[in-house]
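Here is the structure we will look at.
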Amino acid sequence: MKKELIICILIISIIVIANVITQNYTKQCVASMNENLEVLKEASLSEDVDKEKISNRLQKIEDNWNEFQQKLAYYIEHDELEKVETQIYAMKGFSEIEKYDEVVPELEKCMFILEHIQDKTKLNVKNIF
């Protein structure tokens, strides 16, 4: 009986620790992406649009996302990650055809999806049941 109790406590501890680690990494990824997206939003909404700055920022966002996605894919549904990637490519597409006013709605969708992913991975009663 004592042996089984120790094993159960150990398993629960491992699960809780793994959840804290993954949740912190997810927060870090979402914060970094949102920061880059905010800079892109400001650049897209400015009156004198700097095409080079927007292009560079989009490339940085894509590179960061590819780096984050490799680790996030271990514990987050791939469909959720693909939604973010789709939004990034939509932003790049609108940027390439110089429709910068269309970049902002796609950017907002991307931010919403990232927040949704962060909320979905939290350990709370709503997500358990």
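Quick notes
- Filter result (of a type in the set (S, T, N, Q), surrounded by fewer than 13 Cβ atoms within 10 Å (Cβ to Cβ) and either touching a His at 6+ places or on another chain (Cβ under 6 Å) or more than 20 Å from Lys60 (Cβ to Cβ) (or both)) within segment 15-43: Asn24
- Condition met for Glu102 (loosely packed, with under 14 Cβ neighbours inside 10 Å, modelled with pLDDT under 90 and assigned to a helix (DSSP H, G or I)): no
Condition check ((1) touching a Cys at 6+ places or on another chain (Cβ under 9 Å); (2) of a type in the set (Asp, Glu); (3) in a helix (DSSP H, G or I); (4) within 25 Å of Leu123 (Cα to Cα)) across all residues:
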position: Ile9; (1), (2), (3), (4): no, no, yes, yes
position: Ile12; (1), (2), (3), (4): no, no, yes, yes
position: Ile54; (1), (2), (3), (4): no, no, yes, no
position: Trp65; (1), (2), (3), (4): yes, no, yes, yes
position: Leu81; (1), (2), (3), (4): no, no, yes, yes
position: Ile88; (1), (2), (3), (4): yes, no, yes, no
position: Gly93; (1), (2), (3), (4): no, no, yes, no
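- Number of the exception - Leu114 against (1) in contact (Cβ under 8 Å) with a residue 60 or more places away in the chain; (2) over 18 Å from Ser44 (Cβ atoms): (2)
- Hits in segment 100-111 - residues which are under 15 Å from Ile54 (Cα atoms) and touching a residue at least 60 places away in the same chain (Cβ under 8 Å): Val103, Val104, Leu107
- Across segment 81-99, the number of residues qualifying as surrounded by fewer than 16 Cβ atoms within 10 Å (Cβ to Cβ) and over 18 Å from Ser55 (Cα atoms) comes to 1.
- Boolean, Leu5 is assigned to a helix (DSSP H, G or I), at pLDDT 95 or above and exposed (fewer than 11 other Cβ atoms within 10 Å of the Cβ): no
- Residues of segment 78-100 that are acidic (Asp, Glu) and more than 12 Å from the chain's Cα centre (by Cα): Asp79, Glu96, Glu98.
- Ile61 being among the β-branched types (Val, Ile, Thr), modelled with pLDDT of 90 or more, touching a helix residue (DSSP H, G or I) at 6+ places or on another chain (Cβ under 9 Å) and in a helix (DSSP H, G or I): yes
The values are calculated or read from the model by the stated rules, or taken from the named source; none is laboratory data. Predicted, not measured: the structure shown is a model, and the values here were computed from it. Cβ atoms come from the backbone with ideal geometry, glycine included; neighbour counts cover every protein chain shown.
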